[in-house]
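Everything below concerns the one structure shown next.
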Amino acid sequence: MTNIKFHSGENIPLEMHKVRIVQKLNLPPIERRVEAIQEAGYNTFLLKNEDIFMDMLTDSGVNAMSDRQQASMLEADDSYAGSATFTKLENKVEEIFGTKYFLPTHQGRACENILAQVYVTPGSIVPMNYHFTTTKAHISLNGGQVEEIFLEEALNLTSDVAFKGNVDIDKLNALIAENGAEKIAFVRMEAGTNLIGGQPFSLANMRDVRKVCDEHNLLLILDASLLADNLHFIKEREEQYQYATIRDITREMADLSDIIYFSARKLGCARGGGICTNSEDAYMKMREYITLYEGFLTYGGMSVREMEAITIGLEETMDEQMINQGPQFIAYMTEELVKHGVPVVTPAGGLGCHVNASDFLPHVEQSAYPAGALAAAIYIVGGVRGMERGTLSEQRDENGVETLSAMELVRLALPRRVFTLSQVKYAIDRIVWLYENRDLIGGLEFVDEPKVLRFFFGKLGTTSAWPQLLADKFREDFGDSL
Ligand code: F0G
């Protein structure tokens with residue numbers, strides 16, 4: 001797993017950093033956890049930080065910064081227009097991606113808003129390896145339609161396919177043949193494909209997609225938010241690149257893209273975002289939207305401190321020993337859970353460990369939100385907050401009928417460099433215990449269901465008194481342990 005071997009032969013992810021600033025954590029007793037999740041309407045988004053021990057909701061904006069990032073924030077050059085800090089970031093982006101133009105935004109979805117407004121028209125189609133929630137929402141808002149052209153294997157949760165994030169080239173060709181290239185707004189490839197478990201695509205696949213785009217004069221847009229994980233997996237799993245540098249792999253991906261955008265809440269371990277391109281035409285089309293929605297062209301909604309931190313963060317992303325930390329911890333967690341028979345998405349991807357709630361809770365109907373129930377149960381037994389990625393995260397159709405999700409997952413994100421191995425072991429321990437007691441877990445039902453983005457604000461209740469039964473069993477087995 002790591003390139004540092006242990007005499008014991010064990011695969012242990014070794015932290016290649018030391019902790020210099022810490023934040024005290026609180027693990028409330030299980031009685032409080034039962035109360036807290038009830039107050040939160042069994043929606044982990046609504047839990048308060050003070051009630052959480054390990055926050056595995058997301059990696060977004062909560063990756064640990066390096067000492068160099070923190071230090072850079074102190075020397076940020078503040079001005080509304082033309083700050084030296086922006087120039088530094090612009091130069092770093094050009095150095096890494098080889099792109100001449102950089103448009104700053106306040107975060108990733110802001111890039112999606114602008115790209116959709118510029119390129120998506122009513123009736124147009126956007127093929128992609130898989131959608132992300134905000135991407136799809138912006139494309140739909142502009143009258144476009146997302147077409148997912150993933151491999152069959154992408155939805156196979158237990159697999160050994162190295163690149164489940166690949167585009168199915170036959171499906172892409174068929175889609176173009178059926179609709180005509182003029183209906184395609186652009187082709188989107190998402191690095192470290194989020195919603196199928198942080199699964200990467202290969203550079204060979206990206207080259208094939210590029211070829212199709214060239215044949216039909218189509219734009220290829222790369223969502224590089226989870227690029228760091230994808231870079232790691234290309235180096236680890238794509239034979240041709242095992243000796244390539246991360247910098248060279250990055251440049252090859254960038255050269256295959258017409259436009260790259262990213263959430264700097266993920267890429268670069270800071271906050272913010274941006275759009276990069278070598279096309280003057282694309283730059284000119286998008287520029288006015290930056291000033292309209294984000295801010296002036298030299299900050300785009302970001303503070304100068306954030307921009308300094310992104311500059312260093314992007315540089316640090318080119319370090320293999322830095323970007324392998326996340327995937328190695330995720331692989332450890334995934335493999336340990338597999339050893340105990342807990343159903344998880346394999347192969348381990350980036351972003352986090354993904355638990356398969358359908359197999360964990362086969363007795364909970366999809367209409368009773370098994371992934372939501374499992375996320376609530378994981379919080380109850382461990383104070384560990386994960387994110388539901390299943391039917392709750394979908395929206396009802398226009399007739400009010402539930403859209404059942406293709407997968408019921410609980411994402412346990414591992415923000416980069418945040419947790420120690422003993423904390424990860426603790427989470428594994430509690431989840432294994434929960435799996436052994438899974439029959440106690442029941443379903444959820446909506447009490448207050450917002451029409452839009454219900455997974456953020458919605459409140460639910462339980463279909464039986466299962467949280468209390470779970471807590472009673474916990475007390476029986478763990479005594480007065482927290
Ligand atoms: N693209 C991908 C692949 C993402 O994972 C995200 C965010 C975005 C775009 C939007 O970026 O949040 O900066 O506006 N993912 C977060 C997550 C929210 O928790 O996975 P943003």
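Here ASP208 does not qualify as under 21 Å from the mean Cα position of the chain (by Cα) and part of a helix (DSSP H, G or I). Within the stretch 392-445, being under 19 Å from the mean Cα position of the chain (by Cα), modelled with pLDDT of 95 or more, more than 16 Å from the ligand (Cβ to nearest atom) and under 17 Å from PRO362 (Cβ atoms) holds for one residue alone: GLU408. Within the set GLU190, GLU148, the sole residue that is within 15 Å of the ligand (Cβ to nearest atom) and either in contact (Cβ under 8 Å) with a residue 24 or more places away in the chain or aromatic (Phe, Trp, Tyr) (or both) turns out to be GLU190.
Restricted to the stretch 311-334, and to residues there that are hydrophobic (A, V, I, L, M, F, W, C) and within 18 Å of the chain's Cα centre (by Cα), the residue that is farthest from ASP248 (Cα to Cα) is MET333. Test ALA377 against the stated conditions and say whether it is assigned by TED's automatic domain parsing to the domain that holds ARG454, open to solvent by less than 10 Å² (accessible area, probe 1.4 Å), in a helix (DSSP H, G or I) and in contact with a Gly (Cβ under 6 Å, 6 or more places away or on another chain). In short, no.
Yes or no: SER257 of a type in the set (S, T, N, Q) and either within 11 Å of the ligand (Cβ to nearest atom) or not assigned by TED's automatic domain parsing to the domain that holds PHE86 (or both)? Against the criterion (of a type in the set (S, T, N, Q) and either within 11 Å of the ligand (Cβ to nearest atom) or not assigned by TED's automatic domain parsing to the domain that holds PHE86 (or both)), SER257 does not qualify.
Mind checking which residues of the stretch 335-360 are in a loop (DSSP other than H, G, I, E, B), crowded, with 24+ Cβ neighbours inside 10 Å and of a type in the set (A, V, I, L, M)? Matches in the stretch 335-360: VAL345, ALA348, LEU351.
Being within 16 Å of the ligand (Cβ to nearest atom), more than 26 Å from GLU252 (Cα to Cα) and outside any helix (DSSP H, G or I) is the requirement here; does THR121 meet it?
Values: within 16 Å of the ligand (Cβ to nearest atom): no; more than 26 Å from GLU252 (Cα to Cα): yes; outside any helix (DSSP H, G or I): yes.
Considered against the rule, which asks whether it is within 16 Å of the ligand (Cβ to nearest atom), more than 26 Å from GLU252 (Cα to Cα) and outside any helix (DSSP H, G or I), THR121 comes out as no.
Determine, yes or no, whether GLU15 is more than 16 Å from the ligand (Cβ to nearest atom), of a type in the set (D, E, K, R) and in the same structural domain as ASN142 (by TED's automatic domain parsing). In short, no.
Report whether or not GLU215 is open to solvent by 30 Å² or more (accessible area, probe 1.4 Å) and either assigned to a helix (DSSP H, G or I) or not assigned by TED's automatic domain parsing to the domain that holds ILE259 (or both). Yes; evaluated as a whole, the condition is true for this residue.
Taking into account only those residues within the stretch 399-424 that are in contact (Cβ under 8 Å) with a residue 60 or more places away in the chain and assigned to a helix (DSSP H, G or I), which is least open to solvent (accessible area, probe 1.4 Å)? It would help to see each step written out before you state the result.
Residues of the stretch 399-424 that are in contact (Cβ under 8 Å) with a residue 60 or more places away in the chain, as a first pass: 406-407, 409, 411-421, 423-424.
In the following step, the residues that additionally are assigned to a helix (DSSP H, G or I) were identified as 421, 423-424.
Working: LEU421: 30, GLN423: 40, VAL424: 0 Å².
Selected residue: VAL424.
Residues considered: GLN69, GLN107. Of these, the only one that is under 21 Å from LYS266 (Cβ atoms), more than 16 Å from the ligand (Cβ to nearest atom) and open to solvent by less than 60 Å² (accessible area, probe 1.4 Å) is GLN69.
The values are calculated or read from the model by the stated rules, or taken from the named source; none is laboratory data. Everything numeric here is computed off the predicted structure, so don't read it as measured data. Note that each Cβ is placed from the backbone with ideal geometry, even for glycine, and that neighbours are counted across all protein chains shown. The accessibility values were calculated without ligands, DNA or RNA, using every heavy atom of the protein model including side chains. Shrake-Rupley method; radii C 1.70, N 1.55, O 1.52, S 1.80 Å.
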